[in-house]
Structure formats: C-alpha cells, structure tokens
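First comes the structure, then the notes that go with it.
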C-alpha cells in the first residue's frame, strides 16, 4: 500500500542561472530527494554580461515570462516551501538588482544571489548528497562561471569562481575559439584547487558538461542512459574533448541531435574547459553528477543527523515503503542476510554490506509485474533509478541481485550480457549468491513479516544448515530444500534443512 503524500510537504527550488531558468519540485525535504517536476527554459541571461555588463533585454523578458509560469505551477501543485537562487549573470550584471526585484515580485519569495564561493560550496554539498564518499575536485560549469572546490567525504573546503562558463567564455573571446583557449589556459594554469586533484576524481556538474556525457554515452554504446555517476578515465575524457573540438572546427556539431539547440553552441567551450582542467588537475577519473547547487541548497537545510544518513539506503527504504508487499519484511531480510553472511563466513567489506542491504530493501519491488518479466523489469528499474549515492557498477550489482531473485540462476534466464559486463566477475558472482539467498528467503516467508526471524543458520564442517523453529515446521518442503542446497553450492558448501 502506498502512503498518501502530505499536503504542503513538497519543496521547490527556482534556479535563475546564466543560461537557464529552472524550476524543480521535490516530494519533500529529505536525505534522498525525489524530484516530481522539473522544467527549464534556456534564456541566456548571461550571454552579454562580460562585454556589456548587462543582462540582455530579450533574455530578461523570456526569464520573467518563465518565472510567471513557475509561480503558477507552484500554486497549482500546492508546494509547501519555495527557495530561489540566482547565480553568476545576476551577480555580475549592473542591471542584475533591477531584474531580481522584478523576479521577486513575480515569485513572491526572496531570491538569494549566490556569491562565487557560496555557489561553489553548494555545488560541493550537492555532490556530497549524491555521490557516496566523494574524494576529489568539484567543477560546476554554468553559463556564466566555473566553480572549483575540493571535497573529501562530507568535508568541503573553500572554493573559487572563474569567468569560464560557456556563455561568459564565448562573450569574452568574441566567439573566437583561439581566444577562448588562451583565456581558459591562463585562468586555469595556476589554480591551487585544480592541482590538488592529481590522481583523484573530478566531479563535473552542470548542464553543458552533462550534454557532453550524453554524447559520450551514445557514441561509446554504453548500456546505461543514466547521467548521474557516469564516469570515464581522464585520458579518455581528454581525447573526447579534443574530438569534439575537431567536430566544431568542421561545423559538424549541428548534427548532434541529443543536445538542445540553444546549448549546442556551448559544447565546444565546455570541451575546451574540460580539456584544460584535465591537463592541470591530472585526475584519475571524470565523474558526471546531476546533483549540484539545487540539491546542495536543500542538503544544507537538513539536520545534521539527516545529512549523516546514507543516501542510497534512504532511497531504497523509500522505494521499499512504496512498492514492496511488506516494508517490515525487507528489513527482516536485511537481518536474515546478515546472519547468513556471518555464519557462512563470507568475506564482505562495509561497502559490500551496504549494497547487500540496499538489494534487500529492493528485493520485492517488482511483485506487481507479470511473473515472466519481473527479472528484466526490476533490473531496468534499479539500474535506471532516479537516485544517487551509487555508482553505475553498484547499480548493476544491486539490479542483478534482484534479477536473479526473480528469474532464477538457470542458463536460459541469464540477464543481458551488457549488464553483466558492467560488473567484475567477482561482483557478478556475489549478485548470483545474493539472488539465490533472496529466492530462499522469499519462498519461505511469502514476503510476510515475522517468518524469517524464526529461521537460523548453523554450520557443521562444510555443511550449512537452515534451521526452522518448531512452529514453522510445516513450511519446510522439497522446493525450499532444493533452493537452499543451490545457495549452499554457490558458496562451496553442502546444504540441508533442519527442524528444531
């Protein structure tokens, strides 16, 4: 049974950027943010700020029209709380204050004009909320500026802002790529925040860099169409940026249909900046994050206890509550699998345990799907889920574990090869073992609470035993024994059922 959403619990962020004006409405102010509405208008407010010092009049008109629509949507959706922010174009333009006054009158909410350092901090907090234990440099490329800031786990250092956003760089360079390259090289050459990124991750935040990721995903034939957490080796990113610049020189970027027309001219500038970032920072990996300033703003407003929670587990708990037959059963399955791992003496890191718990919480979310398609549909749901704090390899692992729970482990029911290729052989085998454990647990309990706590594990030499308390003796059957023996074989044991 789904829980009714409390009226007024939703929260919205109006984000007035240098290129786009956006409204995002989230279901609630929680550790795992769930967007329920997302709309943007590419207005180009910052396209002339560097050369004229002003927000372009036509862009101002377009932005104010969008804000009127956003205000109406907020009223229709009965949003509980509204926050509004403005970034580089509004803080740099001489007519920015006049625009903000008009915008506040329309939005009926105070608009916070972010300083460069504040924008950098919020970007970093967004990455903290959406990437599990990040370690590297966050680079938020907007239309007007590039913010750079160091982040390690939940610790955020001071950041800087540079006039290297796509619109700003295009304006400064008077649309000359040679001038743009010189500007980018000079601005980034001695940035301490970048040089601290050697051998670490570089977290690319911002719509234009996400557009680059989308192109890379399509061109490489990558099996997941998920932007968040998509990562590529820095050397590959450097080659890709150079290739895009060659396409631009040959006037071939117009053929890239997966990117909005208004954003397409900025791809070359984004690629150019990325190229010089990689040269100076020498990171190990480029990780694209869809969590940025907006998510960072809301993450900052959570209590310290909420911020400390695991974003993946919170998202899985929410889905468990909404979609499973029994939310309590999934939590009992977590404890049951804890006992299995402990008694069977399986080697497991803290990160392995975290993913196992997430898979337990998601193990019954596909029960409404037709039995013939539960495995593939749930695999797709998990791997493409709109949540953070999980890498693409980890998405595949969790999805595969639940796939095996539904589809079984026979050769004729194998998951798509491209999904198997996203994980290492060792992780694939762990997914098979976990899926087999789920098949035992759900067969015993029929996904009802109160059953699994009455079953226990014991070992005798190489034999693994599943012990049923006397009151559950009638649940024992050949099918249960067959599945448990299959699970035991997967971990190199023999298995048997025992009634106590």
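The values are calculated or read from the model by the stated rules, or taken from the named source; none is laboratory data. Being a predicted model, the structure only gives us computed values, none of them experimental. Backbone-built Cβ (ideal geometry, glycine too); neighbour counts: all protein chains shown.
Restricted to region 301-314, and to residues that are farther than 14 Å from residue 29 by Cα and part of a helix (DSSP H, G or I), which residue is nearest to the chain's Cα centre (by Cα)? Only one residue fits best here, namely 312. Checked against (1) in contact with a helix residue (DSSP H, G or I) (Cβ under 7 Å, 6 or more places away or on another chain); (2) over 29 Å from residue 26 (Cα atoms); (3) free of Cβ contacts under 8 Å to residues at least 60 places away in the same chain; (4) in a helix (DSSP H, G or I), residue 412 meets all criteria but (1). Residue-level analysis places residue 487 among those that are surrounded by 17 or more Cβ atoms within 10 Å (Cβ to Cβ) and more than 31 Å from the chain's Cα centre (by Cα).
Residue by residue, here is whether (1) more than 19 Å from residue 291 (Cα to Cα); (2) outside the structural domain of residue 423 (by TED's automatic domain parsing); (3) part of a strand (DSSP E or B); (4) under 24 Å from the mean Cα position of the chain (by Cα) holds:
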| residue | (1), (2), (3), (4) |
| --- | --- |
| 175 | yes, yes, no, no |
| 186 | yes, yes, no, no |
| 197 | yes, yes, no, yes |
| 217 | no, yes, no, yes |
| 224 | no, yes, no, yes |
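Condition check ((1) without any contact (Cβ under 8 Å) to a residue 12 or more places away in the chain; (2) in contact with a helix residue (DSSP H, G or I) (Cβ under 9 Å, 6 or more places away or on another chain); (3) assigned by TED's automatic domain parsing to the domain that holds residue 211; (4) not in a strand (DSSP E or B)) across all residues:
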{"position": "273", "(1), (2), (3), (4)": "no, yes, yes, yes"}
{"position": "286", "(1), (2), (3), (4)": "no, yes, yes, no"}
{"position": "316", "(1), (2), (3), (4)": "no, yes, no, yes"}
{"position": "332", "(1), (2), (3), (4)": "no, yes, no, yes"}
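Scanning region 128-157 for residues that are in contact (Cβ under 8 Å) with a residue 40 or more places away in the chain, outside any helix (DSSP H, G or I), touching a strand residue (DSSP E or B) at 6+ places or on another chain (Cβ under 9 Å) and over 28 Å from residue 55 (Cα atoms) returns 131, 134, 135, 136, 137, 150, 151. The residues on offer are 418, 369, 402, and the sole one that is outside any loop (DSSP other than H, G, I, E, B) and modelled with pLDDT of 95 or more is 402.
Selection of region 366-414 for residues being surrounded by fewer than 24 Cβ atoms within 10 Å (Cβ to Cβ), within 21 Å of the chain's Cα centre (by Cα) and over 25 Å from residue 291 (Cα atoms) yields only 377.
Scanning region 21-47 for residues that are surrounded by 24 or more Cβ atoms within 10 Å (Cβ to Cβ) and assigned to a strand (DSSP E or B) yields 21, 23.
Yes/no matrix, rows are residues, columns are (1) surrounded by fewer than 16 Cβ atoms within 10 Å (Cβ to Cβ); (2) in the same structural domain as residue 387 (by TED's automatic domain parsing); (3) in contact (Cβ under 8 Å) with a residue 40 or more places away in the chain; (4) not in a strand (DSSP E or B):
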{"site": "15", "(1), (2), (3), (4)": "no, no, yes, no"}
{"site": "55", "(1), (2), (3), (4)": "no, no, yes, yes"}
{"site": "64", "(1), (2), (3), (4)": "no, no, yes, yes"}
{"site": "72", "(1), (2), (3), (4)": "yes, no, no, yes"}
{"site": "75", "(1), (2), (3), (4)": "yes, no, no, yes"}
{"site": "94", "(1), (2), (3), (4)": "yes, no, yes, yes"}
{"site": "103", "(1), (2), (3), (4)": "no, no, yes, yes"}
